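What follows is one structure encoded as structure tokens, with my remarks underneath.
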Amino acid sequence: MSLISPTDRTVPITVERRIELTPSESFQIIAPIDLGLIFHKWGPLPGVTGVKNQTGSWDQVGRSRNPQLTDGTTANEQLTEYNAPHSFAYQLTEFTNPILSRLAIGVRGEWTFTPDGPGTLIRWTYEFLPRPHRRLALRLGLAPLWRRYMESAIEATVVAARDIAHQQLRGSAVISSPIPG
């Protein structure tokens, strides 16, 4: 079941970055990426130390996990869309963080990978579903901080994706090189 309906008044935040990898390469690296590589503590917002209770590889609708945050809190995350190599979406609910749990019922996140010349435009949207009478507090209080957190995370994502792609390229070069004899 979808967390957000067409009639809900949400608080969306979108950030974008370009990368020289193809959409397919970007998607294959980013969709299953280790969250601890990209979500670092920023200001008052916690980073991610890992995940628990993951129900399988992060490549099928319905898979779920519990991100573990640096402040000791967690949430429930469920993969709601998986359209390789174009996009994936998820929802986060049941925040144990006292600020998030008071402001939002949940979040819908979506990553899209669009061809951009020889590379890819990565777009990440985080759409908060506010609790009743909390939309203004969320929009004016948390959203500006969260945008900066997302900017930091998407930049870390691009750096990590480049590093992973480079490692994969080096690994395939080693495998495909002839054995001297």
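Looking at (1) within 24 Å of PRO144 (Cβ to Cβ); (2) of a type in the set (Gly, Ala, Ser); (3) modelled with pLDDT of 95 or more; (4) in contact with a helix residue (DSSP H, G or I) (Cβ under 7 Å, 6 or more places away or on another chain), which one does ALA84 not meet, given that it meets all the others?
(1)
Just checking, which of THR10, THR22 is closer than 30 Å to ALA137 by Cβ, of a type outside the set (A, V, I, L, M, F, W, C) and modelled with pLDDT of 95 or more?
None of the other options fit; the residue is THR10.
Can you tell me which residue is surrounded by the most Cβ atoms within 10 Å (Cβ to Cβ) among those in region 108-142 that are free of Cβ contacts under 8 Å to residues at least 40 places away in the same chain and part of a helix (DSSP H, G or I)?
My answer is ALA137.
Residues to consider are ARG123, ARG135, ARG148; find the one that is farther than 12 Å from VAL15 by Cα and among the charged types (D, E, K, R).
Result of the check over ARG123, ARG135, ARG148: ARG135.
Could you say whether any residue in region 43-51 is touching a His at 6+ places or on another chain (Cβ under 9 Å), of a type in the set (Gly, Ala, Ser), farther than 26 Å from PRO85 by Cβ and in a loop (DSSP other than H, G, I, E, B)?
Scanning region 43-51 turns up at least one residue that is touching a His at 6+ places or on another chain (Cβ under 9 Å), of a type in the set (Gly, Ala, Ser), farther than 26 Å from PRO85 by Cβ and in a loop (DSSP other than H, G, I, E, B).
For region 57-107, which fully contained strands (runs of 3 or more DSSP E) count at least 1 residues that are β-branched (Val, Ile, Thr) and over 14 Å from the mean Cα position of the chain (by Cα)?
Working: elements: 64-69, 76-83, 87-93.
Correct list: 87-93.
Return the only residue of PHE39, PHE27 being within 13 Å of the chain's Cα centre (by Cα), over 15 Å from ARG123 (Cβ atoms) and of a type in the set (Phe, Trp, Tyr).
PHE39
Consider region 139-162. How many of its residues are aliphatic (A, V, I, L, M) and out of contact with any helix residue (DSSP H, G or I) (no Cβ under 7 Å at 6 or more places or on another chain)?
7
The values are calculated or read from the model by the stated rules, or taken from the named source; none is laboratory data. Just so we're clear, the structure is a prediction, and the values are computed from it rather than from any experiment. Positions of Cβ are generated from backbone atoms using ideal geometry, with glycine treated the same way; all protein chains shown enter the neighbour counts.
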